[in-house]
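Scroll down for the structure; my scribbles are underneath it.
The values are calculated or read from the model by the stated rules, or taken from the named source; none is laboratory data. Predicted model, so just to flag it, every value in this text is computed and none were measured. FYI the Cβ positions are ideal-geometry reconstructions off the backbone, even for glycines, and counts take in every protein chain you see. Note: areas computed on protein heavy atoms with side chains; ligands, DNA, RNA excluded. Shrake-Rupley method; radii C 1.70, N 1.55, O 1.52, S 1.80 Å.
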Amino acid sequence: QVQLVESGGGLVQAGGSLSLSCAASGSIFMIVQMGWFRQAPGKERELVATINNGGAINYADSVKGRFTISRDNAKNTVHLQMNSLKPEDAAVYYCTAYIYTDLRSWRDYWGQGTQVTVSS
């Protein structure tokens, strides 16, 4: 049983900063990749950033240079530091992780989401 729990969402003014965290817990053998997606009302869920167990990072073009993803492997956590926030960044942010629960079982897991609201 694996659970991902996000925290850190809230309301921030445009140009401000916000930091999100996600902790994975449960029966975890290995986490291959962790990351963040977001979904705004009426839009498809889109990738924000990912980081794999080799440290390779991918960012969506829309957040590159403004957001920073990091990971604490010992704590099975991933963080997203969001700077210079724009109104278009407002969305529900979802944590995701690709996890092996044993040598034969692996799949992606999702958190329940945390709301980020950016006011102008």
Counting other Cβ atoms within 10 Å of each Cβ, which chymotrypsin sites (Phe, Trp or Tyr not before Pro) in segment 27-120 have at most 16 and sit in a DSSP loop? PHE29
Excluding ligands, DNA and RNA, the carbon-plus-sulfur percentage of the accessible area of the chain with a 1.4 Å probe reads 47
Here, SER70 and ASN58, labelled 7 Å along Cα→Cβ, have an inter-label distance in nm of 2.3
Result for the chain: accessible area per residue, probe 1.4 angstrom, in square angstrom, of 55
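What fraction of the DSSP beta bridges in the chain is antiparallel, stated in percent and rounded to the nearest 5? Provide the component values of the computation, followed by the final result.
Values: 44 of 48 bridges.
Counting only bridges with both partners in the chain, antiparallel ones make up about 90 percent.
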Full-extension gain between GLN112 and ARG45, please, as 0.36 nm times their residue separation minus the C-alpha to C-alpha distance. 22.8 nm
Quote to one decimal, in nm, the extra length available between GLU88 and MET30 on full extension: 0.36 nm per residue of separation minus the C-alpha distance between them. 17.5 nm
